[in-house]
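*Asks:* Next up is a structure, given as structure tokens.
All of the numbers you see were taken from the coordinates with simple rules; none came from a lab. Note that this is a predicted model, so its numbers are computed, not measured. Cβ atoms come from the backbone with ideal geometry, glycine included; neighbour counts cover every protein chain shown.
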Amino acid sequence: MTLLGGLLALAAMTGGLPEDCLLGTPGFPVTARSLAMGRAEFMDPSPMGALANPSAAVSAGVGLSLCASAGMDLEMEKRTRTVYDSFGSSIGEAEHSFDRSADLFPGGVAASLAGFDGMPRGLGLAAGWRARNGFGYDWDREVRSEYYALLGSEALSISGTAGELCASASFSPLDALSLGLGAGWLSCTREETWRQIWVDESIPDVLETQESDLEVVTVRAAFTARPSRRVTASAGVEAPLSAGWSGDADGPLDLPPLARAGFLWIPGNSLRSVFTAEFSYRAMSGARFDGADMGLRDSWSASAGVENSLPGGGPECRFGFRYDRSPIARCLDCVSVTAGLGFDLSGWTLDAGGLFSPRTWEQVDVGSLPSFSEGDSLSVEETETVLLLSLSRRISL
Amino acid sequence: MSSSFLLAILAAAGPFGRVDLNTATLEQLRALEGITDEQADSIYSRALSTGGFADIYEVAEIPGMTASSLAWLRDNCMVSPRAEGSLSPAVMDLMERLAVEDGPGDAAVDEWENLLIRPMPVNGLRHWDLRMLDRVSIVDAAAVERRLRDLGPVSGVASLRGSDGLSYYGYRNLRDYVATRELDLSSTDFFGGLRVTVDGGAGRSEGEGSLAARLDDLGSAIGDMESGGRDYSGSPVDSAALYEQLVSERDELAGARGVTGSVQRLRLGLGDRWRGGIRLSRGRWSTAGHGLLSGMDMGVISETYDVAKAFASLHRLGPLHQVILGNYRLSLNQGLLVDNADELMSRSLYRPRGLHPDLTSTRQAAFTGAACEVRSGPLVGYAFVSSAPRDAIMNSDGTPNSLVLSRWRTSAMAGALQETAAGGYGYFDLGGFLPCGTFVGAGALTVSWSDSLVPDPEFLDIPNDAEVWNCPEYSVMPQGDALSAWSVSGQTVLGGFGVEGEAAMQDNDAMAAVGGARWQNDWFYLLCSIRHYDLEYTNPYCRGFAEQSRFDDTVFEKPYYLNDPSAADLADWPVPKPEEGIYLESRFQVSRQILFPKVYLDVWRSIPWGFENYRFQGELEYRPVFPLRFRLKYKLQDKTKMQDLLPTSSVTHEATLRTIVLPAGGDYFEIGVRAGLVELTPNPLYTDDRLMSGGFLSARWEHRFTPGFSVLGGTTLWTTDGMSQWEFEDTGIDFLDGRGTKFYVTVKEQISDNIQIRLRLLRKDTFFPRNGLYRPDPEDQYYYEGDPGSPVRDFGDHAESYGINCQLDLRW
């Protein structure tokens, strides 16, 4: 759950829109490698990982390291209604609507610097821009009479990307310990268009647009310890200093800090495996908008991933798992599987990663969401597939 | 080079003063004169990521390494041997196979996994110990004890292979669970295992018995009552109370939709003396909790642990073989007196006999309290006491109607009664002067409940509906607040021939008996078993051999005929149906190429109705060359059941052909096809729907990249016309309805000797065509809930479901 999650939940309560399009894609992945290992960005040893975990800036690589990524988010959503016979027994689920959207998004670009002449020993720096949330969502349907005559159409379109400009610095007073501090400025503009067009000209068409802006300043602190040469552990906290929302409602936003911890372990085997696990927690029940309780619940996530070097000099093969507890409702909790490959291309590293996450929920189970059609039984079956490519290179100085 | 650095190099030096490439730090490697810094970095990285070099010549595989560098390293450095693992991939494979075997329940698999990690000391084995293993017969168990008694200890497990009477099949099934280690009661070796499993995904749960079906049944009953479709006047049912109960159950179960399941199971051990463990889990789609620690409320019911069990046990204290406090599992003899499993394994004579700690997913029949096993000379005894909550179907006047094993457990049923169970069993081992493996035993069980059971069908039967209540199995269910039973048992083994049996009597004079004989050698066995269960033998802990569970083919398979559809959970009541029969089973290795893995014939008679039934299944395997096997299985069953006023019979034919290919490198490929047909007795109820059919085509392939890392993929296409299909996937059984496709991918990796991870993704698409829905009569139309005005025409119901499962095992 990112900073935006709580804010957008508020919009969900007031906007009368499905949860998914408001939350967007929470927490865009930043590198394909971290995505493939359960979206474990906090323990990602790359310049992009150092933006989330400032204590990792020194371990992102000796010299100048560069990393850029971009990807696509594919969402499919099927809405069904239960069909009953005259005895009140259900005979099945009829498809009510099917929507699909595919949006390209920038993952981010980052650079880190460590261990070159002139820099104090043990100092690492990282800076860059990364995407945090995406709001690509399109929904449309035709409205027909009971005789299948076309009455009109309605459509919803939402767009916008939340990006964060951030920098990190870390220092290692000991070989086995790194400390890091970072800061970021997150901004977002989200546009929403709602349209209803009727064949009958006596019924007025509807065209509503809404634009909202968000700005958040965030600071981060973290430490990384290496208790043995095979184990690296890290923990940190991300605290929003000031957050403001402007749009249909203006006001300050009080969001609780995000605590994260993870470890990386090199077991030492013929596959040259690397195992990563992460946990994050945010007490979203304490979130406030303009002083009012947002009615959210505490959210957390846990992930684990493995990287293997395939025998015979093949590519690096990664897979992972993730669980996210939604701040909105239990039925929106989701599990994800991830996988990916990494290729070494004469000095450049090309990584590809993917995440798949299915979710099914009943509209009535999300209390803060009004239905599209009041009183209609509506089940939502959705899947999200994220594909990401990353290109990185390390330059010795 | 500083002095401290020199000291560090010395610390990394091996016994001959050479630097150990497997343990040296990066700085130490960079300090070596014969290699460059880049080469040192590469050596360090390779040693770190692979766990070390097995041989110094492996260094040559590193890019950038020169012949002169290698020669220098060979003369000046060394590599230490890598530590051997505690668990081999072969053991991991076996654990996985156990987890998917058809037959044993959770408790057995738990126990076998423990034994794979810490096997039983072979030289102290008695036949009692071996009967807990799968597919180890009484003849095999007695043969091992006889071998040890007559010829003394063995120096290796393989020495058991030639024991008189021990079949190769039996030897193969026990060899992984025993070892030539000594029992060390003073040992303080600390070991254990942690398993974390997350079972999630999304989609609709379809089919009979699914949560969606239960919610649908409840909704239909509620709607029926709201529309005045049921007339309770003159009935003992308080319709207002029943209505409230139904609404409450529906609302509670609606909250269980889409719940992600999770299991955290921790087992600990200290030497051979102490064991302990705890399990906290929440099953998918479940609600109310159960277990020793079920009071641990996590805030809302959907986040309460579904099962919360724990135990501590002490072993080998004088004659006290073991004592367990907490949750335990007890299974004795033929399971007629006491076996507290949650399920009845049809047609299975194998059970993990004895007393075991219980961290399994079972809940309704779980024992919570204390139990002990005593061994003194020829005497073996068990004593136990348990006090645990039990679920019950409730009458609308608030009294408990019948005990039930809730599938979809709601507060309306969960923990409705407190049950106290106590008993004991004693054996006298006659192996000292009669053939080894001979014993006689006797024991008793008493069960009491905190409230009297009132199994009145009028509280369950919808008044004035089409169904005529005709269920003799229900009419004799336990009444009152107590029940007791006792049993006698015995067995003997003569060479390759063994006989065993148990007879039990309940306090209402009803009896149950199971007896069997077995003759075996290396290439053949023949097993014959007879059984009899009186209608009134209702002991809730009877799990004896049977073809059907008590409420198969009764009104409880039809929730829409019950006042409260949740009472349909009684269909899962794991007590044998009142029946008597004879069962013959054989395995015959004709030659190296031809094998009959299992052939059986069961002929049984339903006691309340007198219907006679039979079931035959034969399996033939042909192996023309080692990597190729063909398996043909054919099943024929003729079964009769009471359908309202008329008995109806069904004849089932089912044929399955599987082709298994084992290419090199540990890969596994299988393709299978099944076709089935059910023919029903002509009956006006079925009109022209008298034939049902179904079948599927499946394939799966496992590719092993290394012994510790493999990827498994499988797919199935099926079509059914009234005859649902089932198949075994890599992790369990799956039921197939309608027509559809599915595929799954499983990644398995043994990351280290102590950590294993398994990740699985499944997608299943099921299609249910819904045609001919047009109804001219407005009162008879199909409709959408909440949108009754919209017309419903033909549609195709496409149910997509995804299963995501991740399991992490940590052992030390």
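*Asks:* May I ask you to order B:425-434, A:177-186, B:269-278 by the average number of other C-beta atoms within 10 Å around their residues, highest value first?
*Replies:* So the peptides B:425-434, A:177-186, B:269-278, ranked by packing, come out A:177-186, B:269-278, B:425-434.
*Asks:* Can you tell me how segment A:3-395 classifies by the Cα gyration tensor, rounded, prolate or oblate, using a/c under 1.5 as the rounded cut?
*Replies:* Because a/c hits 1.5 or more and a/b exceeds b/c, segment A:3-395 counts as prolate.
*Asks:* Further question on the same structure: With a Förster radius of 45 Å, plug the Cβ-Cβ distance of B:Ser448 and B:Tyr560 into 1/(1 + (r/R0)^6) and report the FRET value to the nearest 0.05.
*Replies:* The calculated FRET efficiency here is 0.85.
*Asks:* As a footprinting exposure proxy, order B:Lys577, B:Lys598 by other Cβ within 10 Å, with the fewest listed first.
*Replies:* B:Lys598, B:Lys577
*Asks:* Residues in segment B:690-709, backbone N under 12 Å from the label point at B:Glu679 (7 Å along the Cα-to-beta-carbon vector): list them, ranges by number please.
*Replies:* Answer for segment B:690-709: B:691-692.
*Asks:* I would also like to ask the following. Taking each residue of A:387-394 in turn, how many C-beta atoms of other protein chains fall within 10 Å of its C-beta, and what is the average?
*Replies:* What the average comes to for A:387-394 is 0.
*Asks:* Right, next: Can you pull a Stokes-Einstein diffusion coefficient for segment B:14-57 at 10 °C (1.306 mPa s), Rh from Kirkwood over Cα pairs, as a whole number of µm²/s?
*Replies:* 150
*Asks:* Another one. Label B:Asp765 and A:Ser187 with points 7 Å out from Cα along Cα→Cβ: what is the distance between them in nm?
*Replies:* Once both label points are built, they end up 4.5 nm from each other.
*Asks:* Normalised by the number of residues in segment B:581-661, what is the relative contact order in percent for Cα pairs under 8 Å and 6+ residues apart?
*Replies:* 22
*Asks:* Right, here's the next one. When B:Trp523, B:Trp449, A:Trp194 are ordered from fewest to most other Cβ atoms inside 10 Å of their Cβ, what list results?
*Replies:* B:Trp523, A:Trp194, B:Trp449
*Asks:* In what sequence, highest mean first, do A:104-115, B:713-724 appear when ranked by Cβ atoms within 10 angstrom?
*Replies:* A:104-115, B:713-724
*Asks:* What does the average come to when, for each residue of peptide A:352-360, you count the partner chain Cβ atoms lying within 10 Å of its Cβ?
*Replies:* Per residue, the average neighbour count from other chains is 4.
*Asks:* Measure up B:Lys577/B:Lys742; B:Lys598/B:Lys639; B:Lys558/B:Lys633; B:Lys309/B:Lys598; B:Lys633/B:Lys742 against 25 Å on the Cα-Cα distance and list the ones that go over.
*Replies:* B:Lys577/B:Lys742; B:Lys558/B:Lys633; B:Lys309/B:Lys598
*Asks:* Looking only at Cα atoms, what is the convex hull volume of chain B per residue, in Å³?
*Replies:* Dividing the Cα hull volume of chain B by its residues yields 206 Å³.
*Asks:* For B:Lys635, list the aspartates and glutamates whose Cα falls under 18 Å from its own Cα; do not include residues on the same chain fewer than 8 positions away.
*Replies:* Candidates past the 8-residue exclusion: B:Asp102, B:Glu547, B:Glu585, B:Asp602, B:Glu612, B:Glu619, B:Glu621, B:Glu654, B:Glu679, B:Glu727.
*Asks:* Normalised by the residues of chain B, what does the relative contact order come to in percent, with Cα pairs under 8 Å and at least six apart?
*Replies:* Reported relative contact order: 9 percent.
*Asks:* Count the net charge of all other residues whose Cβ sits under 14 Å from the Cβ of B:Thr410, scoring Lys and Arg as +1 and Asp and Glu as -1.
*Replies:* -3
*Asks:* Once the Cα atoms of the protein assembly as shown are picked out, what are the Rg and Dmax in Å?
*Replies:* Cα-based Rg and Dmax for the protein assembly as shown come out at 33.1, 103 Å.
*Asks:* Further question on the same structure: Taking the Cβ of A:Ala169 as the centre, find all other residues whose Cβ is under 15 Å away and add up their charges (Lys, Arg: +1; Asp, Glu: -1).
*Replies:* +2
*Asks:* Based on alpha-carbon centroids, what's the gap between segment B:484-521 and segment A:114-157 in Å, whole number please?
*Replies:* Distance between centres, Cα-based: 69 Å.
*Asks:* Figure the gain on full extension for B:Leu48 and B:Glu612 (residue separation times 0.36 nm, minus the Cα-Cα span) and round it to one decimal in nm.
*Replies:* Using 0.36 nm per residue and subtracting the Cα-Cα distance, I get 196.2 nm.
*Asks:* List, largest first, the extents of the alpha carbons of segment B:116-229 along their principal axes, each in whole Å.
*Replies:* 79, 36, 23
*Asks:* With the calculation restricted to Cα positions, what are the radius of gyration and Dmax of segment B:325-467 in angstrom?
*Replies:* Gyration radius and largest Cα-Cα distance of segment B:325-467: 18.7, 66 Å.
*Asks:* Right, next: Based on the Cβ-Cβ distance from B:Glu779 to B:Ala240, what FRET efficiency comes out when R0 is 30 Å, to the nearest 0.05?
*Replies:* My answer for the efficiency is 0.65.
*Asks:* Starting from the 7 Å offset along Cα-to-Cβ, what nm value, one decimal, do you get for the label separation of B:Arg181 and A:Ser97?
*Replies:* Placing both labels 7 Å along Cα→Cβ, they lie 6.2 nm apart.
*Asks:* If you wrap a convex hull around the C-alpha atoms of segment B:141-181 and split its volume per residue, what is the figure in Å³?
*Replies:* Convex hull of Cα atoms, per residue: 64 Å³.
*Asks:* Rounded to the nearest 0.05, what FRET efficiency is calculated for B:Asp465 and B:Ser649 with R0 set to 30 Å and r the Cβ-Cβ distance?
*Replies:* 0.75
*Asks:* Then there is this: Work out the mean other chain Cβ neighbour count within 10 Å for the residues of A:316-323 and drop it here as an integer.
*Replies:* The shielding value for this peptide is 5.
*Asks:* Taking each pair of different alpha-carbon atoms in segment B:695-812 once, compute 1/r for the pair, average those values, and report the inverse of that mean as the Kirkwood hydrodynamic radius in Å to one decimal.
*Replies:* Taking the inverse mean of 1/r over all distinct Cα pairs, segment B:695-812 comes out at 17.4 Å.
*Asks:* Taking every pair of Cα atoms in segment B:604-667, average 1/r, invert it to obtain the Kirkwood radius, and report Rg/Rh to two decimals.
*Replies:* When Rh is taken as the Kirkwood radius, the ratio is 1.29.
*Asks:* Helix-only estimate, please: 222 nm mean residue ellipticity of chain B, summing -39500 (n - 2.57) across DSSP H runs of length 4 or more and dividing by its residues, to the nearest 500.
*Replies:* The per-residue figure over chain B is -4500 deg cm²/dmol.
*Asks:* Between beta-carbons, use under 12 Å as the cut-off and find the net charge around B:Leu320, counting Lys and Arg +1, Asp and Glu -1.
*Replies:* +2
*Asks:* Let me ask something else about it. Run the numbers on segment A:3-395 and let me know its relative contact order in percent, using alpha-carbon pairs under 8 Å that are six or more apart.
*Replies:* Value for segment A:3-395: 19 percent.
*Asks:* Just want the ordering: A:Asp99, A:Asp44, from fewest to most Cβ atoms lying within 10 Å of their own Cβ.
*Replies:* Ordered by Cβ neighbours within 10 Å, fewest first: A:Asp99, A:Asp44.
*Asks:* On to the next question. Sketch the reach of a paramagnetic label on A:Met76 as a point 7 Å from Cα along Cα-to-Cβ, and name the residues of segment A:83-121 whose backbone nitrogen lies under 19 Å away.
*Replies:* Backbone N within reach: A:93-104.
*Asks:* Given labels modelled 7 Å from the Cα in the Cβ direction, how far is it in nm from B:Ser411 to B:His703?
*Replies:* With each label point 7 Å from Cα toward Cβ, the separation is 5.2 nm.
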